[in-house]
Amino acid sequence: MHPVLGILIGLVPAVAYGCMMPFSTKIGGTTQQKTLAITFACFVVGVITMIVEFATIGLDYSSPQAILFFFIALISGFFWYMGSFYEFKAVTAAGVSKAMPFSMVGQFVTVTLISAFFFGDWLIVPQEQLFLGLTFILVMLVGIVLISMNPNVSYEAPKKDFIANVAKPKSSSFKFYLYIGLSVVGFLLYFLIPELINKLGQKNIGDQPNWLYGGEFFVNPNTEFDKGMMFPQSLGMFIAAGATISITTLMKMRKNNVSLVQEEKVVLNIFKDKRTYLNLIPGLLQAVGNLLLLVSILLNGNTIAEPLTNLSVVIATLLGIFYMKEKKVQPYMTTTILGLVLIVIGSLACGFMDLDLSIDPTPEG
């Protein structure tokens with residue numbers, strides 16, 4: 001395949017991820033509605049992917065290692081849902097153009113540092129490259145500081161409506177930073193749990209012993225974690241979304257002392273609301289992005305695929321400003337664009353330095 005075509009395919013996940021959040025926010029609905037629709041779309045694509053993998057590569061979940069990997073992927077899907085849920089909350093509290101850069105950089109920096117210093121990836125990186133990598137992370141953090149100067153906008157709406165198409169200022173930033181922190185923790189665990197299993201199966205990192213090596217049980221080339229991971233992860237996402245709706249319903253019942261019949265009507269209203277079904281469209285964008293990211297990695301390698309995917313933050317931020325009408329007044333427009341440029345420079349530099357410091361974003365979100 002021509003290299004240019006591989007790059008173009010690699011840009012598709014960035015476009016899909018970058019459009020998902022603004023489109024979903026524009027459609028509206030509660031956070032539960034959005035996440036339920038998006039996880040359902042991912043689950044459907046995950047099932048289709050599993051069927052194809054069964055037919056083409058003989059995917060097998062019967063061995064002890066494969067069963068372990070299945071449940072680890074399932075658990076990581078729970079944490080993806082957590083990250084996505086609070087990312088939506090952050091967008092509701094502060095707007096797309098502010099929340100998405102914070103979310104992306106938060107994921108990138110935390111995963112990078114833990115991968116480098118806990119999983120031992122720094123052992124195979126020359127000190128000069130490691131220094132440059134940390135420098136570019138600092139550049140990204142400066143970009144976030146510039147974006148943090150922007151005032152928040154809010155999509156919070158009256159309780160009966162759950163949507164406001166016009167952004168309005170919000171005085172307190174506490175909830176925004178709380179939501180961003182919880183979102184980053186969710187996405188961090190989504191990445192770290194399967195990565196930990198991968199490291200348990202590696203005797204060495206480069207020419208150095210791997211202190212996390214867990215024994216021969218974790219070493220099985222026929223049950224690599226990446227094979228068949230999409231289905232159990234999407235299943236975990238969908239289960240978490242359903243569980244969240246059930247738990248919040250029960251909590252409201254106890255708090256408001258209402259009958260089960262009344263609360264059932266509230267839950268059914270989620271499925272009667274057209275916005276639940278319209279959110280399947282951004283859900284498909286997320287699922288297609290996940291799928292084509294795997295294709296991009298096969299065609300371009302992680303070194304190119306991941307930095308290209310991180311460009312989603314540019315698309316999401318610009319759509320937030322112009323499509324969502326989160327327009328900034330001077331000097332906030334200047335600080336937003338400058339901060340975005342620094343984030344992109346830092347992300348691309350880390351990726352193309354072949355430091356393996358990039359991650360899947362929203363998975364992200």
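Restricting attention to the range 1-32 and to residues that are crowded, with 20+ Cβ neighbours inside 10 Å and either more than 24 Å from Phe271 (Cβ to Cβ) or acidic (Asp, Glu) (or both), the residue that is modelled with the lowest pLDDT turns out to be Gly10.
Checked against (1) at pLDDT 70 or above; (2) surrounded by fewer than 19 Cβ atoms within 10 Å (Cβ to Cβ); (3) touching a strand residue (DSSP E or B) at 6+ places or on another chain (Cβ under 9 Å), Gly95 meets all criteria but (2). Within this structure, Pro194 passes the test of being modelled with pLDDT under 85, open to solvent by less than 30 Å² (accessible area, probe 1.4 Å) and either over 24 Å from Ile315 (Cα atoms) or within 13 Å of the chain's Cα centre (by Cα) (or both).
Does Gly283 satisfy the criteria of being touching a Phe, Trp or Tyr at 6+ places or on another chain (Cβ under 8 Å) and modelled with pLDDT of 80 or more? It is true that Gly283 is touching a Phe, Trp or Tyr at 6+ places or on another chain (Cβ under 8 Å) and modelled with pLDDT of 80 or more.
In the list Phe71, Phe54, Phe40, which residue meets the criterion of being in a helix (DSSP H, G or I) and at pLDDT 95 or above?
That would be Phe40, the only listed residue that is in a helix (DSSP H, G or I) and at pLDDT 95 or above.
Residues that are over 22 Å from Ala99 (Cβ atoms) and surrounded by fewer than 24 Cβ atoms within 10 Å (Cβ to Cβ) within the range 291-307 comprise Leu291, Leu292, Leu294, Val295, Ile297, Leu298, Leu299, Asn300, Gly301, Asn302, Thr303, Ile304, listed in sequence order. From the list Ser76, Ser24, Ser63, the lone residue that is in contact with a Ser or Thr (Cβ under 8 Å, 6 or more places away or on another chain) and not hydrophobic (A, V, I, L, M, F, W, C) is Ser63. Looking across the range 308-348 at every residue that is surrounded by 17 or more Cβ atoms within 10 Å (Cβ to Cβ) and not in a helix (DSSP H, G or I), the one that is modelled with the lowest pLDDT is identified as Lys328.
The values are calculated or read from the model by the stated rules, or taken from the named source; none is laboratory data. Worth saying up front: this structure is predicted, and the values here are computed from it rather than measured. Counting neighbours? That spans all protein chains shown, and the Cβs are built from the backbone with ideal geometry, glycine included. Accessible surface is based on the protein model in full, side chains and every heavy atom, while ligands, DNA and RNA are left aside. Shrake-Rupley method; radii C 1.70, N 1.55, O 1.52, S 1.80 Å.
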